[in-house]
Amino acid sequence: MERQFLKKHEKTVFWATVCGAFLAILIFNFLTPLMSDDYSYSVVVRSIHSVEDLLKSEYEQYLSWTGRSVNHLILKSFLQTDKWVFNLCNSLNFVGLTLLIYYNIEGKVKYDTPVYLLINLFLWIFSVEFKETVLWETGACNYLWGTTNILGFVTLFKYACSKRERLKRPALWGILLFFTGVVAGWCNENTSGGGILLILAALFVVWREDRKIRPWMWAGLAGMLTGFGFMVAAPGNRGRAIYADDNYGGIVKYIARAYKITLAIEHNFFILLLILLALYILVRTQKRTFQELETVLLYFFVFIATCYALVLAPTPMDRAYFGAGIFLIMAVIQCFVKVSEGETLVRAGKRFFISGLFLYMAFAYVDNVVNTARIYRDYQNRDAYIWERKAAGEKDITVPLLHEGFESKYSFGYDSDFKEDAGYWINELICTYYEVDSISGVPMEEWTAY
């Protein structure tokens, strides 16, 4: 009965699930205020009044701090609008990423709602630092938007390759793929590198089947390499390198970094790797060949390469592994789809796995949305208080810290909260935003008496 209903209404159920995914992320976007670097970039955009100003601002950052120009142009554009604009667009972008992952999974049925649901569950549960890479505005523009741009280009490229015999206007496709490739290559150092590997893999598939690579395909690869080259050549990257805390020099430095990356992989991906291992063993016992599993192995290889590419970067934060995590999630989902459902026990196991994750996420969502709303309330009240004190002529303002005990996996609030010391870097950064001399914090229980 259940299967008959799903088959009859498969399209409606699928798109209803997509809408549910949008609403789920939209709520958290609206409960995420400006935090940390959002304030400093907001100060920068106050002096931007035209496209020329925007480009000049980004050029200065390219020279002094980072080469991720595409991501920061997106961020600065959003910071010139009301926050609700970003909330809406960021939610659409997140859903776009889920659909891109879904499109790239091979062997699924049409309107495969269980697979799409599993993609969303994996992103919510296993994404690296979801609060920083998906919800925090600065982090989302750097990681979520960058990854979506990269995977979007890879998807477009693979689609064009699949239609290569019937592709109309190949010259225009070459131009399109070159410029979209530049954007994708100019997003994020290690994730863009992973995207280049996927493009090379797509070209290899075409060569294996046709023994011929079309000029417009080379244009797409050239575009991505061009964007990647501009990003890694940014003079600002050398400036950031001085903050490296390496204790060694020469080759030992890179061995030490590789060791730290290995520990980071264990910390961020152990459960995902365990799931992938279990699924891989299962599909191999079902007599799946290596050729049938080559997409799984490709995504896993790109995951490993994207992680260890960070050996070239000084002390990467955990959020730098976000794109790598997306590639690993794609490997796991692809392997899940490859599991044959011929046996009743296996079919029941797959359903139980999805249902169990959904049940876990349902409880986690309710708990975290309540705590995130509490954090958001504290931020809003404090923001209103600072503007009120400033309007009253105060230049040295004392504010309450967040209530204790409201920690949420999906809020960056506590990590970017004020400190009692007015000289703390976040306090000083936010002083610039509010244009006051100093801001210091006191614990909430002391604030009531104060």
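Can you report the number of residues in the stretch 49-64 which are open to solvent by less than 90 Å² (accessible area, probe 1.4 Å) and either in a helix (DSSP H, G or I) or aliphatic (A, V, I, L, M) (or both)? Show your work before the answer.
So in the stretch 49-64, the residues open to solvent by less than 90 Å² (accessible area, probe 1.4 Å) come out as 50, 53-54, 57-58, 61-64.
The next check asks that each one be either in a helix (DSSP H, G or I) or aliphatic (A, V, I, L, M) (or both); those that pass are 53-54, 57-58, 61-64.
Here the count works out to 8.
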Completion exercise
For the stretch 384-410, pairs from a residue that is assigned to a helix (DSSP H, G or I) to a residue that is surrounded by fewer than 14 Cβ atoms within 10 Å (Cβ to Cβ), with Cβ under 8 Å and 6 or more apart or across chains, are Lys390/Glu435
Exercise for the section: Hey, could you check the stretch 395-409 for residues that are of a type in the set (A, V, I, L, M, F, W, C) and farther than 13 Å from Pro443 by Cα and say which is least open to solvent (accessible area, probe 1.4 Å)? Expected result: Ile397
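Sort out which residues of the stretch 175-224 are charged (D, E, K, R), over 30 Å from Arg319 (Cα atoms) and either in a helix (DSSP H, G or I) or without any contact (Cβ under 8 Å) to a residue 40 or more places away in the chain (or both), and write them in order of number.
Answer for the stretch 175-224, where residues must be charged (D, E, K, R), over 30 Å from Arg319 (Cα atoms) and either in a helix (DSSP H, G or I) or without any contact (Cβ under 8 Å) to a residue 40 or more places away in the chain (or both): Arg208, Glu209, Asp210, Arg211, Lys212.
Restricting the search to the stretch 322-344, which residues are part of a helix (DSSP H, G or I) and open to solvent by 10 Å² or more (accessible area, probe 1.4 Å)?
Within the stretch 322-344, Phe336, Val337, Lys338, Thr344 qualify.
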Exercise for the section: Kindly indicate whether any position in the stretch 86-97 is farther than 30 Å from Tyr414 by Cα and open to solvent by less than 40 Å² (accessible area, probe 1.4 Å). Expected result: no
Exercise for the section: Please go through the stretch 420-435 and pick out each residue that is in a loop (DSSP other than H, G, I, E, B) and either of a type in the set (Ser, Thr, Tyr) or surrounded by 14 or more Cβ atoms within 10 Å (Cβ to Cβ) (or both). Expected result: Ala422, Tyr424
Exercise for the section: Within the stretch 415-431, identify whether any single residue is closer than 30 Å to Gly20 by Cβ, out of contact with any Cys (no Cβ under 7 Å at 6 or more places or on another chain) and of a type outside the set (Asp, Glu), and answer yes or no. Expected result: yes
Practice task
Check whether at least one residue in the stretch 315-325 is basic (Lys, Arg) and more than 21 Å from the chain's Cα centre (by Cα), and report yes or no.
Solution key: no
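Taking Thr32, is it of a type in the set (Ser, Thr, Tyr), farther than 26 Å from Gly185 by Cα and surrounded by 13 or more Cβ atoms within 10 Å (Cβ to Cβ)?
On the way: of a type in the set (Ser, Thr, Tyr): yes; farther than 26 Å from Gly185 by Cα: yes; surrounded by 13 or more Cβ atoms within 10 Å (Cβ to Cβ): yes.
Here the answer is yes, as Thr32 does meet what is asked.
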Exercise for the section: Look at the stretch 345-383 and say how many of its residues are among the small types (Gly, Ala, Ser) and open to solvent by 60 Å² or more (accessible area, probe 1.4 Å). Expected result: 1
Practice task
Collect the residues in the stretch 436-450 that are open to solvent by less than 60 Å² (accessible area, probe 1.4 Å) and either over 18 Å from Asp383 (Cα atoms) or among the polar types (S, T, N, Q) (or both), keeping them in residue-number order.
Solution key: Ser438, Ser440
Handout entry: The one condition in (1) touching a helix residue (DSSP H, G or I) at 6+ places or on another chain (Cβ under 8 Å); (2) in a helix (DSSP H, G or I); (3) among the hydrophobic types (A, V, I, L, M, F, W, C) that Phe352 fails to fulfil
Key = (1)
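Let me confirm something: among Ile101, Ile74, Ile25, Ile48, which residue is of a type in the set (Val, Ile, Thr) and either in contact with a Leu (Cβ under 6 Å, 6 or more places away or on another chain) or at positive phi (or both)? So that I can check it myself, show each step before the final result.
Numbers: Ile101 fails: either in contact with a Leu (Cβ under 6 Å, 6 or more places away or on another chain) or at positive phi (or both); Ile74 fails: either in contact with a Leu (Cβ under 6 Å, 6 or more places away or on another chain) or at positive phi (or both); Ile25 fails: either in contact with a Leu (Cβ under 6 Å, 6 or more places away or on another chain) or at positive phi (or both).
The unique qualifying residue is Ile48.
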Completion exercise
Okay, helices (runs of 4 or more DSSP H) sitting entirely in the stretch 65-165 with 3 or more residues that are under 22 Å from Cys19 (Cα atoms), I get 83-104, 113-126, 145-162
Completion exercise
When (1) closer than 24 Å to Glu294 by Cβ; (2) assigned to a helix (DSSP H, G or I) are applied to Phe228, the one that fails is (1)
Completion exercise
Within the stretch 332-388, the count of residues that are modelled with pLDDT under 90 and of a type in the set (D, E, K, R) comes to 3
Exercise for the section: Test Phe22 against the criterion of being at pLDDT 95 or above and either outside any helix (DSSP H, G or I) or open to solvent by 30 Å² or more (accessible area, probe 1.4 Å) (or both), and give yes or no. Expected result: yes
Practice task
Taking the residues in the stretch 131-161 that are charged (D, E, K, R) and open to solvent by 10 Å² or more (accessible area, probe 1.4 Å) as candidates, determine which candidate is farthest from the chain's Cα centre (by Cα).
Solution key: Lys158
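Any chance you could count how many residues in the stretch 276-300 are part of a helix (DSSP H, G or I) and surrounded by fewer than 17 Cβ atoms within 10 Å (Cβ to Cβ)? Write out each step before concluding.
The first filter runs over the stretch 276-300 and keeps only residues part of a helix (DSSP H, G or I), leaving 276-285, 294-300.
Imposing the further condition that a residue be surrounded by fewer than 17 Cβ atoms within 10 Å (Cβ to Cβ) reduces the set to 277-278, 281, 284-285, 294, 297.
Total meeting the criteria: 7.
The values are calculated or read from the model by the stated rules, or taken from the named source; none is laboratory data. Computed from a predicted model, the values in this text were never measured in an experiment. Ideal geometry is used to build each Cβ from the backbone, glycine not excepted, and the neighbour counts take in all protein chains shown. Surface accessibility is based on the protein's heavy atoms, side chains included, excluding ligands, DNA and RNA. Shrake-Rupley method; radii C 1.70, N 1.55, O 1.52, S 1.80 Å.
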